[in-house]
Amino acid sequence: MTLAAQLLDWYYKNARDLPWRKDTDAYKIWVSEIMLQQTRVEAVKGYYKRWMERFPTPEILAQASEQEVLHYWQGLGYYSRARNLLTGVKEVCAVYNGKVPADEAVIQSLPGVGEYTAGAIASIAYNRPAPAIDGNVLRIFSRLFCLREDIARQTTKREVRRLVQRHIPGQCPGDFNQALMDLGAAVCIPLRPRCQLCPLTNLCKAYELDIQDTLPVRAPKKQPLLVVLAAGLILYNGHYLVRQRPETGLLAGMWEFPAVELTDEQAAASELKETLWQECRQQVNVGTRQYHYIHTFSHRKWDIAFYECQWLSGEALPERTAWLSADELSTVPWAGPHHKVAVALAVRET
DNA sequence: AACGCGGGGAC
DNA sequence: GTCCCAGCGTT
């Protein structure tokens with residue numbers, strides 16, 4: 001038996017029942033693959049179902065606003081995925097008549113679609129024998145063939161790609177690729193792989209040498225930078241002062257309560273008061289601290305405190321700034337921990 | 001090649 | 001607490 005045959009036998013007995021495996025519509029595969037980038041299956045399921053109820057076709061998604069799309073993505077992370085998906089779907093509607101292209105290179109030309117995602121869509125939706133090298137595949141093949149190089153290196157990825165290319169079956173490449181995902185998720189897991197359950201142990205060099213726990217090799221990542229923030233909760237005439245983050249960078253386009261980065265945590269009140277005047281043109285007195293969160297991103301750690309403020313006076317609001325009623329707080333996409341506060345304030349109002 | 005970009009589940 | 005996930009785009 002070949003590697004593919006052994007793997008597929010296992011897959012057809014153990015495949016997960018996932019919402020995006022009901023059919024092979026290329027748009028649905030596309031959406032699922034984007035949502036699954038750096039994101040676990042369990043986290044995606046609910047978002048995928050809600051998305052497909054609201055945006056069942058490329059044409060419907062293409063007509064949606066970026067704000068609504070971000071709202072549906074709120075909490076899933078990596079929000080450029082949502083904007084790129086919207087941009088890409090518009091391109092598919094305008095250039096490809098609403099039909100996702102079948103050629104791998106053309107698929108990869110869409111924004112947000114890289115080598116992995118293009119291979120996944122081409123193989124699953126169009127039965128093309130394209131490799132789809134993700135973290136699972138890198139881990140599985142580094143163990144199967146005892147690759148001791150850092151899997152983040154380009155040379156390692158090229159080597160894995162060559163190996164996958166050699167083993168991918170012409171008949172059902174999509175099943176083969178998805179089988180690797182399921183194997184990586186359930187059996188060939190990062191820590192303490194469950195080799196007793198694995199259909200490929202007879203081919204696995206790491207298993208033969210009993211070094212599966214030492215693979216794959218991955219360079220350690222540095223710890224996130226601490227950022228201390230103070231945010232203002234300004235309630236005036238039944239409305240809260242909020243603003244939209246810049247179009248680029250962290251949490252781009254998401255909404256937040258006006259905040260300032262602190263160099264001196266003791267100066268929170270004065271810094272916040274100054275920022276609210278400079279950036280929002282509102283005069284306030286900073287009151288007591290109401291909420292406090294530690295929120296860790298991949299490369300930043302926010303220590304953010306929310307202060308109740310007393311509104312005194314103000315000029316016209318700058319761009320990307322607004323007064324929102326408690327009811328309206330649930331209508332915008334929120335930036336990270338600001339969402340928790342928005343929910344708490346909306347509840348408090350009722 | 002290195003970095004920016006989120007959030008949460010498993011241990 | 002740590003790890004890392006069905007990665008991509010920019011620099």
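The values are calculated or read from the model by the stated rules, or taken from the named source; none is laboratory data. Because the structure is a prediction, the values reported are computed rather than measured. Neighbour counts run over all protein chains shown; Cβ positions are idealised from the backbone, glycine included. For the accessible areas, the whole protein counts, side chains as well, though only heavy atoms, and no ligand, DNA or RNA atoms are used. Shrake-Rupley method; radii C 1.70, N 1.55, O 1.52, S 1.80 Å.
Using DSSP to call loops (not H, G, I, E or B), can you name the chymotrypsin sites (Phe, Trp or Tyr not before Pro) in the stretch A:236-308 whose Cβ has at most 16 other Cβ atoms within 10 angstrom? Don't jump to the answer; show the numbers that get you there.
Values: sites: A:236, A:240, A:255, A:277, A:291, A:293, A:297, A:302, A:306, A:307; in loops: A:297.
Sparse-neighbourhood loop chymotrypsin sites (Phe, Trp or Tyr not before Pro): A:297.
Quick one: which residues, 5 or more positions from residue A:245 or on another chain, have an amide H under 5 Å from its amide H? H modelled 1.01 Å from N in the peptide plane, none for Pro or chain starts.
Close amide H contacts, sequence-distant or interchain: A:253, A:254, A:255, A:256.
Please tell me which of these pairs span more than 25 angstrom C-alpha to C-alpha: A:22/A:340; A:28/A:90; A:90/A:221?
On the way: A:22/A:340 34 Å; A:28/A:90 15 Å; A:90/A:221 36 Å.
In this structure, A:22/A:340; A:90/A:221 lie more than 25 Å apart at Cα.
Multiplying the sequence separation of residue A:109 and residue A:65 by 0.36 nm and subtracting their Cα-Cα distance, what value in nm do you get?
13.6 nm
Give the cross-link partners of residue A:99 among the aspartates and glutamates, using a straight C-alpha distance below 18 Å as the criterion and excluding same-chain residues fewer than 8 apart.
The qualifying aspartates and glutamates are A:23, A:25, A:33, A:59, A:91.
At a 1.4 Å probe, what is the % contribution of carbon and sulfur to the accessible area of the stretch A:3-214? Mind showing how you got there, number by number?
Values: 4910 of 9990 Å².
C and S fraction of accessible area: 49 percent.
Pick out, in residue order, every one of the trypsin sites (Lys or Arg not before Pro) in the stretch A:25-97 that is DSSP loop and has at most 11 other C-beta atoms within 10 Å; say none if there are none. Mind showing how you got there, number by number?
Details: sites: A:28, A:40, A:45, A:49, A:50, A:54, A:81, A:83, A:90; in loops: A:40.
Filter output for the stretch A:25-97: A:40.
Going by Cα centres, the stretch A:272-297 and the stretch A:1-43 are how many Å apart?
Using only Cα atoms to place each centre, the spacing works out to 45 Å.
Angle between the Cα long axis of helix A:41-54 and the longest principal axis of chain A, 0 to 90 degrees, nearest 10?
The helix A:41-54 is inclined about 70 degrees to chain A.
So what is the accessible area of the stretch A:225-349 per residue, in Å², with the probe set to 1.4 Å?
Details: 6130 Å² over 125 residues.
On a per-residue basis, the stretch A:225-349 sits at 49 Å².
I'd like the orientation of helix A:3-14 relative to chain A: the angle between its Cα long axis and the longest Cα principal axis, in ° from 0 to 90, rounded to 10.
Result, in degrees: 60.
So if each residue of separation counts as 0.36 nm, and I subtract the Cα-Cα distance between residue A:330 and residue A:236, what length gain in nm does that give? Intermediate values should be presented prior to the final figure.
Working: separation 94, 0.36 × 94 = 33.84 nm, distance 1.80 nm.
The residue A:330-residue A:236 span can extend by a further 32.0 nm.
Amide H to amide H under 5 Å from residue A:233: which residues, 5+ apart in sequence or cross-chain, H placed 1.01 Å off N in plane?
Amide H neighbours of residue A:233, under 5 Å, 5+ apart: A:307, A:308, A:309.
Given the rule -39500 (n - 2.57) for each run of at least 4 DSSP H residues, summed and divided by the residues of chain A, what is its mean residue ellipticity at 222 nm, to the nearest 500 deg cm²/dmol? List each step's numbers first, then the result.
Details: 14 runs with 151 residues, N = 350.
The per-residue figure over chain A is -13000 deg cm²/dmol.
When the Karplus curve 6.51 cos²θ - 1.76 cosθ + 1.60 is applied with θ = phi - 60°, which whole-Hz ³J(HN,Hα) does each residue of the stretch A:324-334 get, with x for Gly and Pro?
10, 6, 4, 5, 7, 4, 8, 9, 10, x, 9
Below 11 angstrom from the Cβ of residue A:245, what's the summed charge of the other residues (Lys, Arg +1; Asp, Glu -1)?
Net local charge, residue A:245 excluded: 0.
Return the sequence-ordered ³J(HN,Hα) values of the stretch A:339-348 in whole Hz as given by the Karplus equation 6.51 cos²θ - 1.76 cosθ + 1.60 applied to θ = phi - 60°, using x for Gly and Pro.
4, 4, 5, 4, 5, 4, 5, 5, 5, 4
So which aspartates and glutamates can residue A:157 reach, going by Cα to Cα under 19 Å and dropping same-chain residues fewer than 8 places off?
A:104, A:115, A:134, A:149
Roughly speaking, what is the centre-to-centre gap between the stretch A:89-144 and the stretch A:209-255 when only Cα atoms are used, to the nearest Å?
Result: 28 Å between the Cα centres.
Pairwise over distinct Cα atoms, reciprocal of the mean inverse distance: report the Kirkwood radius of chain A in Å, one decimal place. Working shown, then result.
Details: mean 1/r = 0.0437 Å⁻¹.
Value: 22.9 Å, from the Cα pair sum.
For helix A:115-126, report the angle its Cα long axis makes with the longest principal axis of the Cα atoms of chain A; keep it between 0 and 90° and round to the nearest 10°.
Computed tilt is about 60 degrees.
Hey, what did chain A get for relative contact order, percent, Cα under 8 Å, at least 6 apart? Before the final figure, lay out the partial values.
On the way: 545 pairs, mean separation 50.7, N = 350.
Here the relative contact order equals 14 percent.
Can you give me the distance in nm between label points at residue A:102 and residue A:310, each placed 7 Å from the Cα along the Cα-to-Cβ direction?
A separation of 7.1 nm, rounded to one decimal place.
Whole-Hz Karplus ³J(HN,Hα) for the stretch A:232-245, in order, using 6.51 cos²θ - 1.76 cosθ + 1.60 and θ = phi - 60°, x for Gly and Pro?
x, 9, 10, 9, 9, 6, x, 10, 9, 7, 9, 8, 9, 5
Between residue A:1 and residue A:43, what FRET efficiency comes out of the Förster formula 1/(1 + (r/R0)^6) with R0 = 30 Å and r the beta carbon distance, rounded to 0.05? Working shown, then result.
Working: r = 35 Å, r/R0 = 1.17.
Efficiency computed from Cβ-Cβ geometry: 0.30.
Compute from the Cα atoms of the stretch A:273-334 the Rg and the Dmax, the latter being the longest Cα-Cα distance, and quote both in angstrom.
Rg and Dmax of the stretch A:273-334, Cα atoms, are 13.9, 39 Å.
Just the Cα atoms of the stretch A:225-349, one point each, no solvent: what log10 I(q)/I(0) does Debye give at q = 0.11, 0.14, 0.22 Å⁻¹?
For the stretch A:225-349 at q = 0.11, 0.14, 0.22 Å⁻¹, log10 I(q)/I(0) is -0.33, -0.55, -1.49.
Averaging sequence separations of C-alpha pairs under 8 Å and six or more residues apart, then dividing by the length of the stretch A:225-349, give the relative contact order as a whole percent.
Relative contact order here is 32 percent.
Using a 10 Å cut-off on Cβ atoms, rank the peptides A:162-172, A:12-22 from the highest mean neighbour count down. Don't jump to the answer; show the numbers that get you there.
Details: A:162-172: 15.2, A:12-22: 13.1.
Highest-to-lowest ranking by the protection proxy: A:162-172, A:12-22.
Can you compute the FRET efficiency between residue A:91 and residue A:225 using 1/(1 + (r/R0)^6), with r the Cβ-Cβ distance and R0 = 41 Å? Round to the nearest 0.05. Provide the component values of the computation, followed by the final result.
Numbers: r = 36 Å, r/R0 = 0.87.
It comes out at approximately 0.70.
Report the local net charge at residue A:195: Lys and Arg +1, Asp and Glu -1, summed over other residues whose C-beta lies under 15 Å from its C-beta.
Values: positive: A:139, A:143, A:192, A:194, A:205; negative: A:208, A:210, A:213.
Surrounding charge for residue A:195 is +2.
What net charge do the residues around residue A:260 carry, taking every other residue with its C-beta under 11 Å from that of residue A:260, with Lys and Arg at +1 and Asp and Glu at -1? List each step's numbers first, then the result.
On the way: positive: A:273; negative: A:261, A:271, A:274, A:279.
Residues near residue A:260 contribute -3 overall.
May I ask you to give the percent of accessible area on the stretch A:225-349 that is carbon plus sulfur, with a probe radius of 1.4 Å? Working shown, then result.
Values: 3030 of 6130 Å².
Accessible surface attributable to carbon and sulfur in the stretch A:225-349 totals 49 percent.
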